[in-house]
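Derivation of every value follows stated rules applied to the coordinates shown; laboratory data play no part. As the structure is a prediction and not an experimental result, all values here were calculated from the model. Here Cβ is always computed from backbone atoms with ideal geometry, including for glycine, and neighbour counts include all displayed protein chains.
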Amino acid sequence: MPALFNRRLRRRIGHLCLMMLTISLTMPALANAFEVTDLAGRKVLLPDDPQRVILGEGRLLYTLAALQPDDPFQDLVGWRDELIRFDEDVWHRLRQRFPHAEQLARFGKAATGEFDLEHAIALNPDVIVFDLSAWPALREGSALDTLETADVAVVFVDFLTQADQHMVPSLRLMGKIFAAEARAETLINMRQQALEEVAERLPEPLQRPDVLIETAAGLHPECCRSVGDDNLGRVVRLAGGNNIAAERLPNLFGQLHIEWILSRDPDVIIQTGGDWQVLSSSSIPLGYDVSAQETRAAMRELIAARPGWSTLKAVEEGRVHALWHLFYNTPFQFIAVQQVTKWLHPEAMADLDPAAAWQSIHETLLPYSLEGTFWADLVPAP
């Protein structure tokens, strides 16, 4: 009996020691983990200093480049591929300076079911960062449970919608994930100061000119894609304009009929463009590899090809402008607010200098220099 008791006692002591060892090994990780609330309103426990991250939205690289300019790819094991496919000028600069980026795994769009979950888990990531647009699709299936079972933290951020509410918390969340809180705050402060400069200068009483935003002008054969009361629509509102598409488009993006545009006869037209000439020769080139002359030539050709557009008030008065499309989904959207407000209220904004602010961002935050064209006028401003 005593021998049996001693064996049981030794066994229990052994089990207790094993439990204590397991706890001691896991406690540092638990102690250093931290809880965040993501943009889907979810409480997420993140590991301290994650070093294996997947970006489920490739254009988050614009933010990451500002947070980790020495090497935005250093903590990545994979990312979505749309920056590579649609922003060739930026990708060329990043690839040239950080050639190892070519070796990262590439993923499709989670919102449309193209994200390869098995491939992602096989990469053993600590964290996957998705755009909020992927949240409806991912919450409906088993993807989030599968990732949780695999001990992968999933975080949703948003640079696309409700910038006045989502931009700052998204920047702070990215800053925490990539241990770059100070740089995130620098960008937040730059944004706040830029928006305050606009608000302080808007004339009172404010007369809001009617504005048509045509997104990705000429990229698609049909006219005209636009944006409702969000994203670039909010840019127009902050800049002191009236986005006419908000009258017709209940969602973020949508299609306007050319006949309706002609009947509405906007005061100002703003067409967005990018490095898309390979995709469509009729699109408006803008970006790091483009001259203002190329942009204006494409604008003239596109306007001339549109039936009835030559009679529009904005065309007759020389108030047609081009804007870099990628301001729509980056933390640099405030630069677009400043430039658009200069177009809408030129006298009140005479001393506002978005070009200097854009230059400052590149000099202080980004790993590549500023060159090229990011906005232009159909008729050069006098």
**Asked** If the cut-off is a Cα-Cα distance under 12 Å, which aspartates and glutamates reach K342, setting aside same-chain residues fewer than 8 apart in sequence?
**Response** E197, D351, D353, D377
**Asked** Which values, in whole Å and largest first, are the semi-axes of the equivalent ellipsoid of the chain obtained as the square root of 5 times each eigenvalue of the Cα gyration tensor?
**Response** 48, 20, 19
**Prompt:** Tell me, in nm to one decimal, what length is gained between Q103 and A33 on full extension, where the rule is 0.36 nm per residue of separation less the Cα-Cα distance?
**Reply:** 22.3 nm
**Prompt:** Along the three principal axes, how long is the stretch 207-377 when you take its alpha carbons, biggest first, rounded to the nearest angstrom?
**Reply:** 45, 38, 30
**Message:** Charges at C-beta only: +1 for Lys and Arg, -1 for Asp and Glu. How large is the resulting dipole of the chain about its Cα centre, in Debye rounded to 20?
**Reply:** 1560
**Request:** Please work out the Cα center distance from the stretch 248-323 to the stretch 333-351, rounded to the nearest Å.
**Result:** 19
**Asked** Residue separation times 0.36 nm, minus the C-alpha to C-alpha distance between A304 and Q255: what's the value?
**Response** 15.6 nm
**Asked** Of H220, G241, A111, which is farthest on the positive side of the dipole of the chain, counting Cα position, with +1 on Lys and Arg Cβ, -1 on Asp and Glu Cβ, and the Cα centre as origin?
**Response** A111
**Cβ-based net charge around E317, under 14 Å, with every Lys or Arg adding one and every Asp or Glu removing one** = -3
**Item:** Given charges at beta-carbon only (K, R positive; D, E negative), |dipole| of the stretch 207-377 in Debye
**Value:** 300
**Complete:** The answer for V154, listing residues at least 5 apart or on another chain whose modeled amide H is closer than 5 Å to its amide H, is I128
**Message:** List the residues, sorted by chain then number, that are 5 or more residues from Q162 or on another chain and whose placed amide H is less than 5 Å from its amide H.
**Reply:** N231
**Prompt:** Under 29 Å Cα-Cα from K109, which lysines qualify once same-chain neighbours fewer than 8 residues away are excluded?
**Reply:** K43, K176
**Charge context of L344, other residues only, Cβ under 12 angstrom, K/R +1, D/E -1** = +2
**Message:** Under the 0.36 nm per residue contour assumption, what length would be gained going from the current alpha-carbon distance of L45 and I121 to full extension?
**Reply:** 25.6 nm
**Complete:** In whole Hz, the Karplus estimates of ³J(HN,Hα) for the stretch 202-211 (6.51, -1.76, 1.60; θ = phi - 60°; x where Gly or Pro) are 4, x, 10, x, 8, 9, 8, x, 6, 10
**Prompt:** Non-local amide H neighbours of F253 (under 5 Å, H modeled in plane, Pro and chain starts lacking H): which ones?
**Reply:** G228
